[in-house]
Amino acid sequence: MKSIDKLNSYQRIHTQWSGLFDPNVPLISNLSNASALLYKELKPWWVGFYLVEGDDLYLGPFQGPVACTRIPKGKGVCGSSWEKQATIIVPDVHKFPGHIACSEISNSEIVIPIFHNGDVWGVLDIDSADFNTFDEVDALELEKFCASLTFK
Ligand code: SME
């Protein structure tokens, strides 16, 4: 996607999300709509949430093909993002040590940790069938998006 198209997509995402997000419904309802909105606008191979429970991440709302259901802390891109509390951009998943391949189609990936009171409660994971899909624009815009995923 060209940079200008990418920025337009994120603009549409932020605008629609401000109308869709409802702080008065359960988190799972907001995450379900969030994954559908990101899937529609970014057209990735896969987009979804993994949610922290104990020492593992468990599959949450997503759009795309079936995926692995449990990822231990520190494992794969998702578990590493949680452990490092940092966004991870992976231009080529085949070169990421310990990458967990839920699908052979995926070639690049971005994972953003989501915080509440300083603790990570989940991650947003987006997979692309192309190499080198995600950059700093995605990181910044998706971090902004994830910061809006609040709950009581
Ligand atoms: N590739 C991820 C696993 C989740 S799937 O991509 C949906 C990882 O390495 O953590």
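With the checklist (1) modelled with pLDDT under 95; (2) closer than 14 Å to Ile100 by Cβ in hand, flag the one item Pro23 doesn't pass.
Here Pro23 clears every test but (2).
Based on this model, can you work out whether Ile89 counts as aliphatic (A, V, I, L, M) and modelled with pLDDT of 95 or more? I'd like the intermediate steps shown before the answer.
Working: aliphatic (A, V, I, L, M): yes; modelled with pLDDT of 95 or more: yes.
Considered against the rule, which asks whether it is aliphatic (A, V, I, L, M) and modelled with pLDDT of 95 or more, Ile89 comes out as yes.
Which of the residues spanning the range 23-59 are within 13 Å of the ligand (Cβ to nearest atom), touching a helix residue (DSSP H, G or I) at 6+ places or on another chain (Cβ under 8 Å) and of a type in the set (Gly, Ala, Ser)?
Gly48
Give the range 60-79 a look and list any residue that's more than 20 Å from Ala129 (Cβ to Cβ) and near the ligand (Cβ under 8 Å from one of its atoms), or say none.
Filtering the range 60-79 down to residues more than 20 Å from Ala129 (Cβ to Cβ) leaves 60-61, 69-75, 79.
Once the filter is applied, which keeps residues that are more than 20 Å from Ala129 (Cβ to Cβ) and near the ligand (Cβ under 8 Å from one of its atoms), the range 60-79 yields Ile71, Lys75, Gly79.
Of all residues in the range 90-127 being crowded, with 18+ Cβ neighbours inside 10 Å and polar (S, T, N, Q), which is nearest to the ligand (Cβ to nearest atom)?
That would be Ser106.
Do we have any residue at all in the range 34-47 that's hydroxyl-bearing (Ser, Thr, Tyr), within 17 Å of Ser128 (Cα to Cα) and at pLDDT 95 or above?
yes
Return the pairs, sorted by first residue and then second, in which the second residue is acidic (Asp, Glu), the first residue lies in the range 129-152 and is open to solvent by less than 30 Å² (accessible area, probe 1.4 Å), the beta carbons are less than 9 Å apart, and the residues are 6+ apart or on different chains.
These pairs meet every condition: Phe134/Glu109.
The values are calculated or read from the model by the stated rules, or taken from the named source; none is laboratory data. Worth saying up front: this structure is predicted, and the values here are computed from it rather than measured. FYI the Cβ positions are ideal-geometry reconstructions off the backbone, even for glycines, and counts take in every protein chain you see. Surface areas here come from the heavy atoms of the whole protein model, side chains and all, with no ligands, DNA or RNA. Shrake-Rupley method; radii C 1.70, N 1.55, O 1.52, S 1.80 Å.
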